[in-house]
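These notes are about the structure you will find just below.
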Amino acid sequence: SRVAYMGGGLIAHGIAALEARALHDSEISTEFKPPASKRAKSVRRSDGPRGDPPDGSTAGLWNALAGLYRAAGDEHAARLCLKGSLDDDPVTDAALTAQLEGDVGGASDIYLNLLESAVSEPSEADGTPRTASPLKAPNAATVRLWERERLRCLQRLGKWQEVLDDCHHVCPMPEWDAPTLRPVDDRDSSERAVAGSAVGGDVLNAAVRAMLRLGEDASSYDHTTGVAHPRKLADFCRRCAKAAAPSGWVAEELGVELAAAELRDGVEDVALTRIAALRRCFRRRWIGSHPAAASVRRALLQPLQPAAELEEALELSRLCRRIC
């Protein structure tokens, strides 16, 4: 069944329940229709409108379903659900469509234009604020969607300096730690990334990946004040260790990135300990997943490949030192 395919746990049952409710409320038929003739297809084009835009309750269902799909590691299905939650927003719909079609650069440009136009500017005539849409201003959830999806587009494109600058725009703090980038009371835990994934997650995941790629020269630039803030991953890890709020999940969710940084800094034993912890976490989750949960198990396998590559690099480095 689909529940077993998605893991058989609470997330899978929640997806199945919310999907049925959202399809029913949106009046989307799930009945199989056999392919018709060409003449029937030409007549069907003028059958009438596809339906009214989603109301508040239906949009909330689609958003909740998108969050569950993200938690299960299915970004493609999550964006399809987000398209179903949009209410008369063709520009955001076009950006999501571009992502689904693989045009990451085009989607990134659309999100950038939306974020820039969402900033209130005084009108030349009466001094009233001017926003992105002449009909209504975007709400906080929509702006957060733009920021999150643009960060994911930039990560796909490998533009790590822009990723770090956008993270500073979202969290303009001089010093970052885990509770700062992801507050403890943040209820939107569905944005957390699958361990070992190249993209995905929230501002915390994007910032750690960018700091790892940029190395010692990592710094975020504040375009409003013109000030550059150093963003070294080692300093970030030290602040996380000293933070009063619990952040032990950082090592589990970002273990691959932290192990790579420790290996780069020459702390080989700590990197091996981190990789061993990743493997223990993998075994625990793999045993707890359903044997037919292909989607969940595919996500669980993601951190094993980079972890194996880190072990091979470390072994090769030690072999070279013995030879020399």
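The values are calculated or read from the model by the stated rules, or taken from the named source; none is laboratory data. In this text, all values refer to a predicted model and were calculated from it rather than measured experimentally. Here the Cβ is made from the backbone with ideal geometry for all residues, glycine too, and neighbour counts use every protein chain on show. Accessible surface areas use protein heavy atoms only, side chains included; no ligands, DNA or RNA. Shrake-Rupley method; radii C 1.70, N 1.55, O 1.52, S 1.80 Å.
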Q | Test: residue 47 is at pLDDT 70 or above, out of contact with any Lys or Arg (no Cβ under 6 Å at 6 or more places or on another chain) and in a loop (DSSP other than H, G, I, E, B) | A | no
**Q.** Residue, nearest to residue 15 (Cα to Cα), within the range 302-324, restricted to residues that are within 28 Å of the chain's Cα centre (by Cα) and open to solvent by 80 Å² or more (accessible area, probe 1.4 Å)
**A.** 305
Q: Mind counting the residues in the range 82-97 that are outside any loop (DSSP other than H, G, I, E, B) and either at pLDDT 85 or above or not small (Gly, Ala, Ser) (or both)?
A: 10
Q. In this structure, does residue 190 turn out to be in a loop (DSSP other than H, G, I, E, B), modelled with pLDDT under 90 and surrounded by fewer than 23 Cβ atoms within 10 Å (Cβ to Cβ)?
A. no
(Q) Just to be sure I understand, how many residues within the range 235-250 are open to solvent by 40 Å² or more (accessible area, probe 1.4 Å) and at pLDDT below 85? (A) 9
(Q) Report every pair of residues separated by at least 6 positions or lying on different chains whose Cβ atoms are under 7 Å apart, first residue within the range 79-102 and free of Cβ contacts under 8 Å to residues at least 24 places away in the same chain, second among the basic types (Lys, Arg) and open to solvent by 40 Å² or more (accessible area, probe 1.4 Å). (A) 93/83
Q: Can you give me the number of residues within the range 66-106 that are over 20 Å from residue 141 (Cβ atoms), of a type outside the set (Gly, Ala, Ser) and open to solvent by less than 40 Å² (accessible area, probe 1.4 Å)?
A: 1
Q.
Of the residues 155, 161, only one is open to solvent by less than 40 Å² (accessible area, probe 1.4 Å) and of a type outside the set (Gly, Ala, Ser); which?
A. 155
Q | Residue ID - most open to solvent (accessible area, probe 1.4 Å), chosen from residues in the range 193-224 that are at pLDDT below 80, within 18 Å of residue 302 (Cβ to Cβ) and not hydroxyl-bearing (Ser, Thr, Tyr) | A | 198
Q: Find the residue count for the range 102-130, including only residues that are at pLDDT 50 or above, of a type in the set (A, V, I, L, M) and not in a helix (DSSP H, G or I).
A: 1
Q: Name, by its number, the condition in (1) modelled with pLDDT of 85 or more; (2) within 26 Å of residue 70 (Cβ to Cβ) that does not hold for residue 232.
A: (2)
Q. Can you tell me how many residues in the range 106-121 are touching a Cys at 6+ places or on another chain (Cβ under 8 Å) and over 17 Å from residue 148 (Cβ atoms)?
A. 0
Q. How many residues are outside any helix (DSSP H, G or I), touching a residue at least 24 places away in the same chain (Cβ under 8 Å) and open to solvent by less than 70 Å² (accessible area, probe 1.4 Å) when one looks only at the range 266-301?
A. 3
